[in-house]
1. Only residues that are closer than 25 Å to residue A:57 by Cα and surrounded by fewer than 20 Cβ atoms within 10 Å (Cβ to Cβ): list them for the range A:90-106, please.
2. Would you call residue B:339 part of a strand (DSSP E or B), within 14 Å of chain A (Cβ to nearest Cβ) and free of Cβ contacts under 8 Å to residues at least 40 places away in the same chain?
3. Out of all the residues in the range A:43-89, which are part of a strand (DSSP E or B), within 17 Å of residue A:244 (Cα to Cα) and within 16 Å of the chain's Cα centre (by Cα)?
4. I'm checking my understanding of the structure. Among residues of the range A:92-129 that are in a loop (DSSP other than H, G, I, E, B) and over 22 Å from residue B:330 (Cβ atoms), which one is nearest to the other protein chains (Cβ to nearest Cβ)?
5. Among the listed residues A:138, A:132, identify the single one that is within 14 Å of chain B (Cβ to nearest Cβ) and under 26 Å from residue A:71 (Cα atoms).
6. Among the residues of the range A:27-45, what is the count of those that are surrounded by fewer than 16 Cβ atoms within 10 Å (Cβ to Cβ) and within 14 Å of chain B (Cβ to nearest Cβ)?
7. Give the number of residues within the range B:346-376 that are surrounded by fewer than 15 Cβ atoms within 10 Å (Cβ to Cβ), more than 14 Å from every other protein chain (Cβ to nearest Cβ) and not in a strand (DSSP E or B).
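The values are calculated or read from the model by the stated rules, or taken from the named source; none is laboratory data. On a predicted model such as this, the values are computed, not experimentally measured, just so you know. Neighbour counts are summed over all protein chains in view; Cβ atoms, including those assigned to glycine, are modelled from backbone coordinates with ideal geometry.
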């Protein structure tokens, strides 16, 4: 009798675990599909770093992204300021499975260096964004657990597959009615304490389909530092190809 | 000779400006940058040779201009350089870059003075041969003179193919009488002749194939022309007979990137009328990143350097071991430190180095360099001249 109840409870729990994992994965897939087909884009990016005393410093970058059908995106980021790193550029080939390929261009000596992409958790240019926060978000990089729905907002717990990630989990809020765009991400550190919150705002829809935020604010709750990303001049019509993401293109971008 | 360079530049400028005018239908973007530099070098040991100074204040200016059109696929880049120094030979100017570039689909064409870098290792740059070294500018040889060229580059699924036509040779400048890091005899540019009767105007060519796939980055190159490195013969009276030979040089560079490991190797095989030579540098770099979530990265570098030349080598790295550490704080000011040491495996000679940099505010950067020559073996033909030339350098950059 007791055993039967236990089995029933076990089956029920197992079912809900599997279905929450499936639901979580389905939401992530739905978000991925909603953003499929954009082809390529270019955008100007201003990063404002604020320390706990409120002092700020800025970096400006140009970013190009190419969508690939069977693998992760390719991206090329060029620094415009601060002036001492002007022309420094990175080329990243994201892979759905396995580590990404990344090259760094140093304009002063014209050198292209292949760099290790194993540093996921380190800060990007002294900001509150880690490298893994800025890399292309591929479905395969996490395992999923559906948490709850709050109206149109679907909350999904995501565990990074890569053991080198700086997080135990991320809690992502998707907006079901707006093409599953992300409204908020909470990051939990390796001790499972809340580390950072990323808020998306100023969304605009491009090509009648693709939602892009114009502002992203990353707040670090442990250091009280904050980094704001402001995106401007989104362009989805330049029709970039793989030739715009070669090492020659990397050198051209940095000059 | 300077007249010839100016003539070449003028012809290039005229050609590109006429091309540019045709294309002005597209909106062009202009970009002008200016960099000022104040530098102080201090050599803290008494000099080995007469008239050498200890203190070297210096200023430098680097203006640059870029105009791009046709969605950035066509551009003209100009980068100038001028330095004023205590040493008259180190007071020099150069056009580092002045070229027109066009990219279309999978090819790219560049015409003019340009700088090309090849290679992967940190302690030595063997395969890098296109540009002449600006030998008075820095000790590490990473500063280069602008090289006139036509470069055609083609990207394919089998890698990138680069063809270079190099119509003019740039001579290396050597330190003057007041300068440190020189030989007992002052070598001037014109003391060094050529094997080729065409002298600077020997028409040189180079080719490179490079490919990146999975964890591999590989490059295979060949250069046929006047070598960038002069050959020195010291005769019994201590006089130097030096000239630039015609060489064939085949180079290989390879990097394997696996997790936080970078495995690196460079090798060259060079032939000229005097000698066949072989050299390689190989080693690895491992980075401990974001240590204890502080954001700090510490990289460790180890490289072995081999060169089978002896007296004919201008390079002092025949059988040496390099150890280095790169510390990046990844802070708002981009603070970085590079520590290194080269030790000769057979002789007592050692060179230690420190390079550090940090940004201040929006547009200032401070750089510090130290080079220490330690227990230099008296039998080192090149290095023994520098045994008292350990120095510190402080440089402040201002960007406009």
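1. Result: A:104, A:106.
2. no
3. Across the range A:43-89, the qualifying residues are A:43, A:63, A:64, A:65, A:66, A:74, A:75, A:76, A:77.
4. A:110
5. A:132
6. Looking only at that region, the number is 1.
7. Adding up the residues that qualify gives 3.
Quick grid of which residues meet (1) farther than 27 Å from residue B:286 by Cβ; (2) within 22 Å of the chain's Cα centre (by Cα):
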| site | (1), (2) |
| --- | --- |
| B:307 | no, yes |
| B:331 | no, no |
| B:336 | no, yes |
| B:355 | no, yes |
| B:368 | no, yes |
| B:371 | no, yes |
| B:388 | yes, no |
| B:397 | yes, yes |
